1. Quick one: in segment 101-113, of everything that is free of Cβ contacts under 8 Å to residues at least 40 places away in the same chain and under 13 Å from the mean Cα position of the chain (by Cα), which residue is surrounded by the most Cβ atoms within 10 Å (Cβ to Cβ)?
2. Only one residue in 144, 155 is touching a strand residue (DSSP E or B) at 6+ places or on another chain (Cβ under 9 Å), in contact (Cβ under 8 Å) with a residue 12 or more places away in the chain and part of a strand (DSSP E or B), so which one is that?
3. In this structure, does residue 173 turn out to be at pLDDT 95 or above and out of contact with any strand residue (DSSP E or B) (no Cβ under 8 Å at 6 or more places or on another chain)?
4. Does at least one position in segment 109-122 carry a residue that is in contact with a helix residue (DSSP H, G or I) (Cβ under 8 Å, 6 or more places away or on another chain), part of a strand (DSSP E or B) and not assigned by TED's automatic domain parsing to the domain that holds residue 179?
5. Within segment 187-199, take every residue that is free of Cβ contacts under 8 Å to residues at least 24 places away in the same chain and touching a strand residue (DSSP E or B) at 6+ places or on another chain (Cβ under 7 Å) and give me the one that is nearest to residue 104 (Cα to Cα).
6. Could you please let me know if residue 98 is touching a residue at least 24 places away in the same chain (Cβ under 8 Å), surrounded by 12 or more Cβ atoms within 10 Å (Cβ to Cβ) and either under 30 Å from residue 58 (Cβ atoms) or in the same structural domain as residue 56 (by TED's automatic domain parsing) (or both)?
7. Go through 155, 183, 144, 171 for me and flag whichever is over 24 Å from residue 101 (Cα atoms) and surrounded by 10 or more Cβ atoms within 10 Å (Cβ to Cβ).
8. Taking into account only those residues within segment 117-141 that are out of contact with any strand residue (DSSP E or B) (no Cβ under 8 Å at 6 or more places or on another chain) and within 16 Å of residue 161 (Cα to Cα), which is surrounded by the most Cβ atoms within 10 Å (Cβ to Cβ)?
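The values are calculated or read from the model by the stated rules, or taken from the named source; none is laboratory data. From a predicted model like this one, the values you see are computed outputs, not experimental measurements. Please note: Cβ atoms are built from the backbone with ideal geometry, for glycine as well, and neighbour counts cover all protein chains shown.
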């Protein structure tokens with residue numbers, strides 16, 4: 001069973017039912033007395049199935065960041081929803097599905113590319129231990145994908161063969177333009193990959 005939350009929501013927003021019988025890829029439905037909306041860039045609510053920013057309202061949501069008035073004005077909508085910075089959507093059963101962090105979004109020739117999707121493909125390769133993707137400047141498309149990849153111990157894997165693997169599973173504009181082999185990914189003390197250090 002999966003759930004979703006953030007420190008600012010002390011910390012739970014949604015969870016799958018205790019009787020969930022199979023893996024759905026969702027983080028369940030909002031908890032009781034918790035309101036969740038999916039918003040576009042103009043903070044208008046969008047339809048189920050469309051990806052937008054997850055906004056939360058409920059008793060567990062913090063009132064504000066301590067002594068950060070300017071930041072507080074940016075993270076709450078006019079009607080009091082907390083803007084999580086996470087991108088996701090509601091599926092047909094009203095369950096939340098997380099796509100990625102808004103700040104990690106890569107825009108290639110006008111297309112939204114979520115690094116998480118590319119990382120999932122890379123991580124399924126039998127010789128890849130883990131990976132992380134970021135957007136880098138590109139003269140033609142605005143941005144391109146750069147992948148940082150940690151090989152499994154003793155694995156022999158070339159950039160060419162990994163890109164060919166990606167071509168079988170990803171749209172052409174999502175395929176990494178560059179792969180950088182790295183001994184380990186920078187992580188926080190709770191195991192989150194620190195993409196700002198890769199940038």
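1. From segment 101-113, those free of Cβ contacts under 8 Å to residues at least 40 places away in the same chain are 101, 103, 105-107, 110; that's our starting set.
Still in the list and also under 13 Å from the mean Cα position of the chain (by Cα): 101, 103, 105-106.
Values: 101: 15, 103: 10, 105: 16, 106: 23.
In this case the residue turns out to be 106.
2. Numbers: 155 fails: part of a strand (DSSP E or B).
Selected residue: 144, the only one of 144, 155 that is touching a strand residue (DSSP E or B) at 6+ places or on another chain (Cβ under 9 Å), in contact (Cβ under 8 Å) with a residue 12 or more places away in the chain and part of a strand (DSSP E or B).
3. Values: at pLDDT 95 or above: yes; out of contact with any strand residue (DSSP E or B) (no Cβ under 8 Å at 6 or more places or on another chain): no.
So residue 173 does not fit the description; no.
4. Among the residues of segment 109-122, not one is in contact with a helix residue (DSSP H, G or I) (Cβ under 8 Å, 6 or more places away or on another chain), part of a strand (DSSP E or B) and not assigned by TED's automatic domain parsing to the domain that holds residue 179, which makes the answer no.
5. Residues of segment 187-199 free of Cβ contacts under 8 Å to residues at least 24 places away in the same chain: 187-192, 194, 196-197.
From what is left, the residues that are touching a strand residue (DSSP E or B) at 6+ places or on another chain (Cβ under 7 Å) are 187, 194.
Working: 187: 16, 194: 11 Å.
Here the residue is 194.
6. On the way: touching a residue at least 24 places away in the same chain (Cβ under 8 Å): yes; surrounded by 12 or more Cβ atoms within 10 Å (Cβ to Cβ): yes; either under 30 Å from residue 58 (Cβ atoms) or in the same structural domain as residue 56 (by TED's automatic domain parsing) (or both): yes.
Spelling it out, residue 98 is indeed touching a residue at least 24 places away in the same chain (Cβ under 8 Å), surrounded by 12 or more Cβ atoms within 10 Å (Cβ to Cβ) and either under 30 Å from residue 58 (Cβ atoms) or in the same structural domain as residue 56 (by TED's automatic domain parsing) (or both).
7. Details: 183 fails: surrounded by 10 or more Cβ atoms within 10 Å (Cβ to Cβ); 144 fails: over 24 Å from residue 101 (Cα atoms); 171 fails: over 24 Å from residue 101 (Cα atoms).
Selected residue: 155, the only one of 155, 183, 144, 171 that is over 24 Å from residue 101 (Cα atoms) and surrounded by 10 or more Cβ atoms within 10 Å (Cβ to Cβ).
8. Result: 121.
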